[in-house]
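Here's the structure, in structure tokens; my notes come after.
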């Protein structure tokens, strides 16, 4: 029974990995256009890290971290589309300031979009 469960877990993980790879390949083939950063928000969250000792005990630690969500818009055939991207794992105010300085409101960025569903867009920094 345990082998069946392991096999099912591996099958689910392999399926997820293959779908992720397929989406990545799809995105690589999408057309690109320019978008404009319109706003941002800073979000606080906690990252957890679990460590297991030699004797099998586990210990979880939590660390405050920040992420910046950037919103952007672009236009195709006189229709406005909107999207967002995140910069994550920021620990200090200086890191947040650096990210905001590199991505000010009004900055033009390149985005890739699905030509069949342009509302599905991706920005890669």
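State the extension gain, in nm to one decimal, for the chain segment bounded by residue 27 and residue 75, taking 0.36 nm per residue of separation less the distance between their alpha-carbons.
In short, 15.4 nm is gained.
Averaging sequence separations of C-alpha pairs under 8 Å and six or more residues apart, then dividing by the length of the stretch 32-123, give the relative contact order as a whole percent.
Relative contact order, the stretch 32-123: 34 percent.
Can you give me the pair-distance distribution of the stretch 32-123, C-alpha pairs, 5 Å bins, whole percents?
Whole-percent P(r) values from 0 Å outward: 3, 12, 20, 15, 13, 11, 9, 7, 5, 4, 2, 1, 0.
So how do 40, 86, 72 line up by other beta-carbon neighbours within 10 Å, fewest first? Write down the numbers at each step before the final one.
Details: 40 18, 86 11, 72 24.
So the ranking, lowest neighbour count to highest, is 86, 40, 72.
For the pair residue 5 and residue 38, what calculated FRET efficiency results from E = 1/(1 + (r/R0)^6), where r is the Cβ-Cβ distance and R0 = 35 Å, to the nearest 0.05?
Between residue 38 and residue 5 the formula returns 0.15.
Could you tell me how far the Cα centroid of the stretch 31-77 sits from the Cα centroid of the stretch 109-125, in Å?
19
Nearest 0.05, what FRET efficiency do residue 52 and residue 95 give at R0 = 25 Å with Cβ-Cβ as r?
0.25
None of the figures in this text is laboratory data; all of them are computed from the coordinates on show. The model shown is predicted, which means the values in this text are computed figures rather than measured ones. Note that we place each Cβ from the backbone using ideal geometry, even for glycine, and neighbour counts take in every protein chain shown.
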